[in-house]
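Enquirer: First, the structure itself, so that you have it in front of you.
The values are calculated or read from the model by the stated rules, or taken from the named source; none is laboratory data. All of these numbers come straight from a predicted model, not from anything done at the bench. In this analysis, Cβ positions are derived from the backbone assuming ideal geometry, glycine residues included, and neighbour counts consider all displayed protein chains.
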Amino acid sequence: MRVGTVKEIKNHEYRVGLTPESVRELVAHGHEVWVETGAGSGIGASDEDYRAAGGTIKPTAAEIFAECEMVVKVKEPQAVERAQLRKGQILYTYLHLAPDPEQTADLVRSGVTAIAYETVTGVDNSLPLLKPMSQVAGRMSIQAGATALEKANGGRGVLLGGVPGVLPAKVVVIGGGVVGFNAAQMAVGLGADVTILDRDPGVLERLDSHFEGRARTLYSGRAALAAEVAEADLVIGAVLVPGAAAPKLVTRDMLKTMKPGAVLVDVAIDQGGCFETSKATTHAEPTYVVDGIVHYCVANMPGAVARTSTYALNNVTLPHALRIADMGWKAALKANPHLAAGLNVHEGQITYEAVAGDLGYDYVPTESLLG
């Protein structure tokens, strides 16, 4: 199979779909790999590194979209990229379709077969292709929140860990999954006063056991959530509903109860965000203020630490890329139901139930396409 990867064009997105090491693996399996010139510059990988791995460097993304049977990316295709997709082609990348009707409509029109990293499942019903980026985003959320809390950036002027004689910042993490756990780890490590909210008693028990009193856990009822948000210096939104739009847990009315200059970091913004006042921002302009509360809602947070993120992502995406290239998409999905869960769009049909439900499309089960 001819596989291609292109330079990402989303604002301040420096990751790349395939590392030189991944290209070497694909070539060793007998596949041809085309790489847009400069695609790896954000992770310190030169065109020569890709050539040495057996890749073919192409001067434009247009050639790759036109000639490659599978395109491997990181972020969802932008409008100019979607216009180049076609029937019979495989797109393998993050999509996050539920909050993005324009992208969904374009993918439906294109006829492309689109496999989304974020809905591929694991044997324990986990999301293994989302996990490494959730780990990165969770850890980065504390760094971003700490910076936003600085007075010069519009925040309260509070140091997360405090100093002797001065109380630390109060950090509230909504959601105890991969993002929330990693955010809490970072915040605890910096000496903050941390509370984690979740609705799953099993999750709360695991977190309580892990942190051994260094972070509090609390069942996330409406009253508890409102009370914690009101007292917080920094709130991390870390709630995920696989493939569907995130629930709006923090309302605008809650902002009025918060301390002026407190910070909200919405890690769920790729899925529409879990704060009512969230709107996607970029690394160029990461924050905005609503009712005196600083919002950080960057939709591609891991792109800022591109080398770490790209290698962590390729560790989990490459095995499936090899299966798809070796077997073709249909045989690969038929042989692996976990990979089959990643199919979101095929030849104008929506094959992921949560996306179809959120955006008003007819749902076509993947199983019906595999024969």
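Enquirer: What are the residues in segment 286-337 that are closer than 13 Å to ALA144 by Cβ and surrounded by fewer than 19 Cβ atoms within 10 Å (Cβ to Cβ), if any?
Expert: VAL305
Enquirer: Further question on the same structure: Within segment 283-290, identify whether any single residue is in a loop (DSSP other than H, G, I, E, B), hydroxyl-bearing (Ser, Thr, Tyr) and in contact with a Ser or Thr (Cβ under 7 Å, 6 or more places away or on another chain), and answer yes or no.
Expert: Within segment 283-290, none of the residues are in a loop (DSSP other than H, G, I, E, B), hydroxyl-bearing (Ser, Thr, Tyr) and in contact with a Ser or Thr (Cβ under 7 Å, 6 or more places away or on another chain).
Enquirer: Does VAL294 satisfy the condition of being assigned to a strand (DSSP E or B) and in contact with a Phe, Trp or Tyr (Cβ under 7 Å, 6 or more places away or on another chain)?
Expert: no
Enquirer: Is it true that GLY357 is in a helix (DSSP H, G or I) and closer than 22 Å to LEU85 by Cβ?
Expert: It is false that GLY357 is in a helix (DSSP H, G or I) and closer than 22 Å to LEU85 by Cβ.
Enquirer: Next up: Name the residues in segment 33-89 that are in contact with a Gly (Cβ under 8 Å, 6 or more places away or on another chain) and loosely packed, with under 15 Cβ neighbours inside 10 Å, would you?
Expert: SER46, GLU67, ARG86, LYS87, GLY88
Enquirer: Find all pairs meeting these conditions: Cβ atoms under 7 angstrom apart; at least six residues apart or on different chains; first residue within segment 331-349 and within 18 Å of SER110 (Cβ to Cβ); second residue charged (D, E, K, R) and modelled with pLDDT of 95 or more.
Expert: GLU347/LYS87
Enquirer: Still on this structure: Take residues that are charged (D, E, K, R) and within 16 Å of ARG139 (Cβ to Cβ) and tell me which of the strands (runs of 3 or more DSSP E) falling wholly in segment 176-270 contain 1 or more.
Expert: Those strands (runs of 3 or more DSSP E) span 263-266.
Enquirer: So GLY272 passes all but one of these: (1) at pLDDT 95 or above; (2) closer than 30 Å to VAL229 by Cα; (3) in contact with an Asp or Glu (Cβ under 9 Å, 6 or more places away or on another chain). Which condition number does it fail?
Expert: GLY272 satisfies all of (1) at pLDDT 95 or above; (2) closer than 30 Å to VAL229 by Cα; (3) in contact with an Asp or Glu (Cβ under 9 Å, 6 or more places away or on another chain) except (1).
Enquirer: Within segment 198-211, can one find any residue that is surrounded by fewer than 19 Cβ atoms within 10 Å (Cβ to Cβ), of a type outside the set (Lys, Arg) and either touching a residue at least 40 places away in the same chain (Cβ under 8 Å) or not assigned by TED's automatic domain parsing to the domain that holds GLN135 (or both)?
Expert: no
Enquirer: If you go through segment 321-354 one residue at a time, how many are in contact with a Lys or Arg (Cβ under 8 Å, 6 or more places away or on another chain) and outside any helix (DSSP H, G or I)?
Expert: 3
Enquirer: From the list SER141, SER126, SER110, pick out the single residue that is modelled with pLDDT under 95 and either under 20 Å from TYR311 (Cα atoms) or of a type in the set (Gly, Ala, Ser) (or both).
Expert: After ruling out the rest, the residue left standing is SER126.
Enquirer: Separate question: ALA114 versus (1) within 21 Å of the chain's Cα centre (by Cα); (2) under 16 Å from GLU228 (Cβ atoms): which is the lone unmet condition?
Expert: That leaves (2) as the condition not met.
Enquirer: Please go through segment 23-32 and pick out each residue that is of a type in the set (Val, Ile, Thr) and crowded, with 19+ Cβ neighbours inside 10 Å.
Expert: Answer for segment 23-32, where residues must be of a type in the set (Val, Ile, Thr) and crowded, with 19+ Cβ neighbours inside 10 Å: just VAL23.
Enquirer: Looking only at segment 340-365, which residues are within 18 Å of the chain's Cα centre (by Cα) and surrounded by 21 or more Cβ atoms within 10 Å (Cβ to Cβ)?
Expert: Listed by number, the residues that qualify are ALA341, GLY342, LEU343, ASN344, TYR352, VAL355.
Enquirer: Select from segment 2-18 the residues that are buried (at least 24 other Cβ atoms within 10 Å of the Cβ) and not in a loop (DSSP other than H, G, I, E, B) and write down the one among them that is nearest to the chain's Cα centre (by Cα).
Expert: Checked segment 2-18; the qualifying residue nearest to the chain's Cα centre (by Cα) is THR5.
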